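K.L.:
A single structure is presented below for examination.
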Amino acid sequence: MAVPAHDQRDFEFATEFDLPIIEVVTGGDISKSAYDGPGKIVNWNNALSLDLDGMDAAEAKMKLKENFAETGLGKWTVKFKLRDWLFSRQRYWGEPFPIVFVDGEPRALHESELPVVLPDVDTYQPSGTGESPLATIDSWVQVRDKDTGKDAVRETNTMPQWAGSCWYDTGSNQSYSTIINFCD
């Protein structure tokens, strides 16, 4: 990003190579680490013919976006990031994650609660909300936590099918006792 005063990786790079670190948002001690919190704009120096110095950083960002749109330098857009795209999938098939959420906090299932078996379903249609088709099956999603007795919600993403089959190779090349020791 090239903003060492406000991005920790850039700060570490600039510190390592003795590059200048110029504060542009007040509120932190940039001599010690990058600051990425709220604050006022400083050192803007009337760039793009905009006077942003002293303005709240969130307000200044909005003004800058509006200016880019008005002058044709940019446009307002929303970018989505696909979380865990290599492993987690929003679909029915695949190995379910052995996780439940109790009071919003994740908990791994105990070995005695495994395997997690996928339910029989009439349809594999997407949920329409971006969630896995499993999210539409309340009888499978809503469970009781065995530790606390509280209501819990299952993780509805699944692992890609190759996650489980990756262990086949391990098993075919080793004795059973070696696999047990490896897994313990």
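K.L.:
Return yes when Ala58 is modelled with pLDDT of 80 or more and under 20 Å from the mean Cα position of the chain (by Cα) and no when it is not.
P.N.:
Working: modelled with pLDDT of 80 or more: yes; under 20 Å from the mean Cα position of the chain (by Cα): no.
No, not satisfied.
K.L.:
What tally of residues in the range 4-16 results from selecting those that are surrounded by fewer than 16 Cβ atoms within 10 Å (Cβ to Cβ) and of a type in the set (A, V, I, L, M, F, W, C)? Before you say what the answer is, go through the steps one by one.
P.N.:
To start, the set of residues in the range 4-16 that are surrounded by fewer than 16 Cβ atoms within 10 Å (Cβ to Cβ) comprises 8-9, 12-13, 15-16.
Those left that are additionally of a type in the set (A, V, I, L, M, F, W, C): 13.
Within the range 4-16, residues that are surrounded by fewer than 16 Cβ atoms within 10 Å (Cβ to Cβ) and of a type in the set (A, V, I, L, M, F, W, C) number 1.
K.L.:
If you don't mind, there's one more thing I want to ask. Can you pull out the residues in the range 1-41 that are β-branched (Val, Ile, Thr) and either in contact with a helix residue (DSSP H, G or I) (Cβ under 7 Å, 6 or more places away or on another chain) or without any contact (Cβ under 8 Å) to a residue 24 or more places away in the chain (or both)?
P.N.:
Taking the range 1-41 first, the residues β-branched (Val, Ile, Thr) are 3, 15, 21-22, 24-26, 30, 41.
Across the range 1-41, the qualifying residues are Val3, Thr15, Ile21, Ile22, Val24, Val25, Thr26, Ile41.
K.L.:
Farther than 30 Å from Thr158 by Cα, out of contact with any Phe, Trp or Tyr (no Cβ under 7 Å at 6 or more places or on another chain) and open to solvent by 60 Å² or more (accessible area, probe 1.4 Å): is that true of Asn43 in this structure? Steps first, please.
P.N.:
Working: farther than 30 Å from Thr158 by Cα: yes; out of contact with any Phe, Trp or Tyr (no Cβ under 7 Å at 6 or more places or on another chain): yes; open to solvent by 60 Å² or more (accessible area, probe 1.4 Å): yes.
Yes.
K.L.:
So, in the range 127-169, of the ones that are of a type in the set (Asp, Glu) and open to solvent by 40 Å² or more (accessible area, probe 1.4 Å), which residue ends up modelled with the lowest pLDDT? Step through it out loud before you land on a result.
P.N.:
Residues of the range 127-169 that are of a type in the set (Asp, Glu), as a first pass: 131, 138, 145, 147, 151, 155, 169.
Checking which are open to solvent by 40 Å² or more (accessible area, probe 1.4 Å) leaves us with 131, 138, 147, 151, 169.
On the way: Glu131: 78, Asp138: 91, Asp147: 92, Asp151: 97, Asp169: 54.
Selected residue: Asp169.
K.L.:
Among residues belonging to the range 103-126 that are modelled with pLDDT of 85 or more and of a type in the set (Val, Ile, Thr), point out the one that is surrounded by the most Cβ atoms within 10 Å (Cβ to Cβ).
P.N.:
Val116
K.L.:
Further, regarding this structure: Can you find even one residue in the range 83-97 that is modelled with pLDDT of 80 or more and over 20 Å from Asp151 (Cα atoms)? If you could, list the steps in order and put the result at the bottom.
P.N.:
Within the range 83-97, the subset modelled with pLDDT of 80 or more is 96-97.
Now narrow it down to the ones that are over 20 Å from Asp151 (Cα atoms): none.
No - not one qualifying residue is present in the range 83-97.
K.L.:
What are the residue pairs meeting all of these: first residue in the range 44-64, first residue free of Cβ contacts under 8 Å to residues at least 24 places away in the same chain, second residue open to solvent by 80 Å² or more (accessible area, probe 1.4 Å) and among the aromatic types (Phe, Trp, Tyr), Cβ atoms under 7 Å, and 6 or more apart or on different chains?
P.N.:
none
K.L.:
Within the bounds of the range 21-34, is there any residue that is in a loop (DSSP other than H, G, I, E, B), open to solvent by less than 50 Å² (accessible area, probe 1.4 Å), among the polar types (S, T, N, Q) and touching a strand residue (DSSP E or B) at 6+ places or on another chain (Cβ under 7 Å)?
P.N.:
yes
The values are calculated or read from the model by the stated rules, or taken from the named source; none is laboratory data. Just so it is clear, the structure is predicted and the values come from calculations on it, not from any experiment. All Cβ positions, glycine included, derive from the backbone under ideal geometry; neighbour counts span all protein chains shown. To get the accessible areas, we keep the full protein, side chains included, count just its heavy atoms, and leave off ligands, DNA and RNA. Shrake-Rupley method; radii C 1.70, N 1.55, O 1.52, S 1.80 Å.
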